[in-house]
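The values are calculated or read from the model by the stated rules, or taken from the named source; none is laboratory data. Bear in mind that the values here come from a model prediction, so they are computed numbers and not experimental data. Here the Cβ positions follow ideal geometry from the backbone for every residue, glycine too, while neighbour counts run over all protein chains shown.
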């Protein structure tokens, strides 16, 4: 290995005190509010907000109040436990809807946090009215995704009984809304219309993707999720997240030197390698490796070798000076670009964001 | 879709109250202690414990005290922030070593939590002795992984100065220890010996994989990580983790019906599909899809369609009765089996385990 010039003059090296060893995750709450408002302006309907999975990994305690202030009155979570946490954040007033419905064991949470379960089955309906007679609920219908909600036959049998109990809304979910040309969209729309024909209850079919499909898909309430957080398919979303990772050290390696676990990259020429704090334990999905990039002032800095648990290594040979931080997500690389590095979708990049980062909220 | 028999007799459906909608992650602390002891018995050296990344996702507050009670006195974390959290858990006494060394901004944490940084560069050495003169530190050498630690030339220049400051230990890390036949292992061993020849300071080269390579690799201290938590390459590890996911609902689908996002699976025959609580926001890595399985009493239950954020769908056609929970990780499928479903390694499956689970510790 080439010898590096060593500067051992102690006095010449002031200790910096404004840095950290963990990455900095910056979350722009104003951008989230702006994205909600932009999606709200696209429809004549009410606009809710999906804040499940800790507001897609960005922090329900900070994100939900911003959405409430922007105007959201209908919030959606995946499970009752999330609804309890959200009620503590929001206080009374906004409606908190639970996609998984009323599961065994949920009654106390649903009552005490005043949650509105989206009933998915006849069994859930029965359990709900037995445990919490008169408590609010919505209904979820399966229009073809075959994941949550009542099938047409089940719905036909339950419909009159359920409607007599005054449901708050009837919802379904699109399987292919991210692909506007997919015939499944129109097919699900038609089934949703058939299943809810003649019913005077607010209806909701669309998350972000469905909202972008146009007015036919809006019904009474849209419920965007990923679009709020700057992810595709809402191409005009304001970016919300940036992620800057500290450089721990740099080294020169000779041609033929291997870098990282299993010698995952071999230097084709003399190179300078930086070791950066951040790894798959921080949500830098391990499938991302050679081919991924960080950036510095818009210049790409290639990841070399495997992502390890706490560290990644990058090729900084072409930089005149190695900065204290390199950026993974930001104005030069979106959440969706990073998702492509890992062969996945922006949603997973968001929800994988780890707990070790220093989280900074722009307000 | 076939019509299901509907049971609308309210009184016949008692509400269960002992379940939850989130998965149950069971962590066997006794198995972690047993794995530490088994790895400790393999060597004549001291045995430390790597508890970075929140003890590989399993919870540092519960895991670290168990390792301390088993006998570990040398703990390892990735960054100073983790060391601060660990010191609160362990109290004074055990040594807490920080792999990333002494980074700008770390001095207050290192002093107040009495951490021992593993110095990786000349700059870190200078920063450390300037900011915290006399404070304990170790040294990390690069023996070929080219990720962390001083290169041979850098080390040659710093060696005498550093040794005069009484380092606690000298460590390095193997790049290919999971592959016993890889020539890199012997090469790194040789370089580590050369770089530390004639030095009377405790030495450590091996994590779990290196420990299994035999006594040449043990030196004064081994520092197992993944082996403690039941992951490969420690094939005799006691399993530590089991993960049981609640079934939210089941439905019959006809042949040709699609399931999940982007119609990711199409039923080849009439099938019964269960929707299970747990998705990539819970660390069920999205790359895992068709081809993965859950289990019920040892019988495989195939995942069908895409993993979504909070839910997965599985084919339960062959089960006589659909249970309340299906298992992803446990005695029938190890962490490493699940890793293969996602094209990754057990380490990532562990560190990805999400925060929504109900965590139950076996003590």
Just give me the residues in region A:21-31 being closer than 19 Å to residue A:239 by Cβ, buried (at least 19 other Cβ atoms within 10 Å of the Cβ) and over 15 Å from the mean Cα position of the chain (by Cα), in sequence order.
-> A:23
Sole miss for residue B:123 among (1) more than 7 Å from chain A (Cβ to nearest Cβ); (2) in a helix (DSSP H, G or I) is condition (1)
Could you list, in sequence order, all residues of region A:32-59 that are assigned to a helix (DSSP H, G or I) and surrounded by fewer than 19 Cβ atoms within 10 Å (Cβ to Cβ)?
-> A:34, A:37, A:38, A:41
Candidates B:280, B:347, filtered to the one that is crowded, with 17+ Cβ neighbours inside 10 Å and closer than 25 Å to residue A:179 by Cβ = B:280
Considering region B:133-146 alone, what residues qualify as being in a strand (DSSP E or B) and at the interface with chain A (Cβ under 10 Å from one of its Cβ atoms)?
-> B:140
Taking region A:60-74, which residues are buried (at least 17 other Cβ atoms within 10 Å of the Cβ) and within 14 Å of chain B (Cβ to nearest Cβ)?
-> A:60
Return a yes/no flag: does region B:195-206 have any residue that is assigned to a helix (DSSP H, G or I) and within 14 Å of chain A (Cβ to nearest Cβ).
-> yes
Could you check residue B:309 against (1) assigned to a loop (DSSP other than H, G, I, E, B); (2) over 21 Å from residue B:351 (Cβ atoms); (3) without any contact (Cβ under 8 Å) to a residue 40 or more places away in the chain and say which number it fails?
-> (2)
By residue number, the members of region B:159-177 that are at the interface with chain A (Cβ under 9 Å from one of its Cβ atoms) and either modelled with pLDDT under 95 or touching a strand residue (DSSP E or B) at 6+ places or on another chain (Cβ under 6 Å) (or both) are B:161
Is it fair to say residue A:40 is over 15 Å from residue A:226 (Cβ atoms) and away from chain B (no Cβ under 14 Å)?
-> yes
Could you list, in sequence order, all residues of region A:316-326 that are surrounded by fewer than 22 Cβ atoms within 10 Å (Cβ to Cβ) and in contact (Cβ under 8 Å) with a residue 12 or more places away in the chain?
-> A:317, A:318, A:319, A:322, A:323, A:324, A:325
Which of the residues belonging to region A:219-241 are farther than 30 Å from residue A:201 by Cα and crowded, with 21+ Cβ neighbours inside 10 Å?
-> A:230, A:231, A:237, A:240, A:241
Kindly indicate whether residue B:317 is assigned to a loop (DSSP other than H, G, I, E, B), outside the structural domain of residue B:209 (by TED's automatic domain parsing) and within 17 Å of residue A:286 (Cβ to Cβ).
-> no
Residue B:118: assigned to a helix (DSSP H, G or I), touching a residue at least 24 places away in the same chain (Cβ under 8 Å) and either under 16 Å from residue B:166 (Cα atoms) or touching a helix residue (DSSP H, G or I) at 6+ places or on another chain (Cβ under 7 Å) (or both), yes or no?
-> no
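Collect the residues in region B:240-285 that are on the phi > 0 side of the Ramachandran plot and either without any contact (Cβ under 8 Å) to a residue 40 or more places away in the chain or at the interface with chain A (Cβ under 7 Å from one of its Cβ atoms) (or both), keeping them in residue-number order. Walk me through how you get there before you give the answer.
Taking region B:240-285 as the starting set, the residues that turn out to be on the phi > 0 side of the Ramachandran plot are B:256, B:260, B:262-263, B:278, B:283.
Within region B:240-285, B:256, B:260, B:262, B:263 meet the criteria.
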Considering A:317, A:351, A:275, A:313, which residue is at pLDDT 95 or above and within 18 Å of residue B:342 (Cβ to Cβ)?
-> A:351
Residue check, residue B:212 within 14 Å of chain A (Cβ to nearest Cβ) and within 29 Å of the chain's Cα centre (by Cα) = no
Could you say which residue among A:11, A:44 is modelled with pLDDT under 95 and over 15 Å from the mean Cα position of the chain (by Cα)?
-> A:11
State yes or no: is residue A:358 touching a helix residue (DSSP H, G or I) at 6+ places or on another chain (Cβ under 9 Å), crowded, with 22+ Cβ neighbours inside 10 Å and farther than 28 Å from residue A:209 by Cα?
-> no
Can you name the number of the only condition in (1) facing chain A (nearest Cβ under 9 Å); (2) in a helix (DSSP H, G or I); (3) closer than 14 Å to residue B:120 by Cα; (4) modelled with pLDDT of 95 or more that residue B:184 fails?
-> (3)
Taking the options B:130, B:154, name whichever one is surrounded by fewer than 16 Cβ atoms within 10 Å (Cβ to Cβ) and outside any loop (DSSP other than H, G, I, E, B).
-> B:130
Of the candidates A:104, A:65, A:117, A:94, the one satisfying the condition of being in the same structural domain as residue A:171 (by TED's automatic domain parsing) and modelled with pLDDT under 95 is A:104
